[in-house]
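Okay, so here's the structure we're looking at.
The values are calculated or read from the model by the stated rules, or taken from the named source; none is laboratory data. Predicted model only: the values in this text are computed from it and were never measured. Methodologically, a virtual Cβ is constructed for each residue, glycine included, from the backbone with ideal geometry; neighbour enumeration extends over all protein chains shown.
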Amino acid sequence: MRSEGRSGAPEGGAREGVLVADLKRVLSRRASGVAIVTARAGDRIHGMTVSAFTEVSLDPPLVLVCADKSSNTHPLIAEGRVFAVNLLARDQEALSNRFASKVDEDRRFEGLAFDRGETGAPLLAGALAVLDCRVVAAHDAGDHVIYVGRVEGIRSSDREPLVYYGGAYQSLTR
């Protein structure tokens, strides 16, 4: 029995020459930092855990995030045109899981300490680092939208980052 992957291709089947299951396996070999992207549109806020985040340019200061079109955060980024990348510290696994789970999705911010950045996007208290961004470009990319944001505010701390590799959280060893 073959199940459908999110791309519409069979889980074990081909999608433009690449098997979805093989692509997932290969991508799990990439270590990445873990971040929560938060967004605001009017009085509404939302957030989601991501690993698809990267720097684009230092001058001007640009970063990008990839938002799944089916996520509840994507429409707020599209409407509000702002987002914050909250890079997580090693001791924030529970927070990462909270923003990754589809359970109680509308209650993710309940009891959570945060303030608002220069753009109005929610900035999570205790994050390893935060980049407060205003959307300057959006690009359709399959089942995701790539948002490029100009960094308008930053803050950081000297803690160990939360890292995801091989389908699990990992620690850095020196």
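A few comments on the model shown:
- The residues on offer are 116, 150, and the sole one that is surrounded by fewer than 16 Cβ atoms within 10 Å (Cβ to Cβ) and either outside the structural domain of residue 56 (by TED's automatic domain parsing) or in contact with a Pro (Cβ under 7 Å, 6 or more places away or on another chain) (or both) is 116.
- Of the residues 59, 43, 68, the single one that is acidic (Asp, Glu) and touching a residue at least 40 places away in the same chain (Cβ under 8 Å) is 68.
- For the criterion of being in a helix (DSSP H, G or I) and either touching a Lys or Arg at 6+ places or on another chain (Cβ under 8 Å) or at pLDDT below 95 (or both), residue 158 fails.
- Subset of region 32-56 (residues that are more than 18 Å from residue 117 (Cβ to Cβ) and over 14 Å from the mean Cα position of the chain (by Cα)): 56
- The residues in region 57-82 that are over 10 Å from the mean Cα position of the chain (by Cα), part of a strand (DSSP E or B) and buried (at least 16 other Cβ atoms within 10 Å of the Cβ) can be counted, and the count is 3.
- Filter result (more than 24 Å from residue 160 (Cα to Cα) and polar (S, T, N, Q)) within region 76-121: 119
- The set of residues in region 17-55 being part of a loop (DSSP other than H, G, I, E, B) and touching a Ser or Thr at 6+ places or on another chain (Cβ under 9 Å) consists of 30, 34, 51, 52.
- Residue in region 38-56 that is surrounded by the fewest Cβ atoms within 10 Å (Cβ to Cβ), counting only those that are among the aliphatic types (A, V, I, L, M) and touching a helix residue (DSSP H, G or I) at 6+ places or on another chain (Cβ under 8 Å): 41
- Figure legend. Inter-residue proximity from region 150-162: first residues farther than 20 Å from residue 51 by Cβ, second residues at pLDDT 95 or above and charged (D, E, K, R), beta-carbon distance below 6 Å, spacing 6+ or different chains. Indicated pairs: 150/134; 152/118; 152/132; 152/134; 153/118; 153/132.
- Criterion (in contact (Cβ under 8 Å) with a residue 60 or more places away in the chain and farther than 28 Å from residue 171 by Cβ) met by exactly one of 138, 89: 138
- Residue identified as closer than 25 Å to residue 102 by Cα, touching a strand residue (DSSP E or B) at 6+ places or on another chain (Cβ under 8 Å) and not assigned by TED's automatic domain parsing to the domain that holds residue 142 among 50, 20: 20
- Boolean, residue 89 is touching a helix residue (DSSP H, G or I) at 6+ places or on another chain (Cβ under 8 Å) and either surrounded by fewer than 18 Cβ atoms within 10 Å (Cβ to Cβ) or over 17 Å from residue 48 (Cβ atoms) (or both): no
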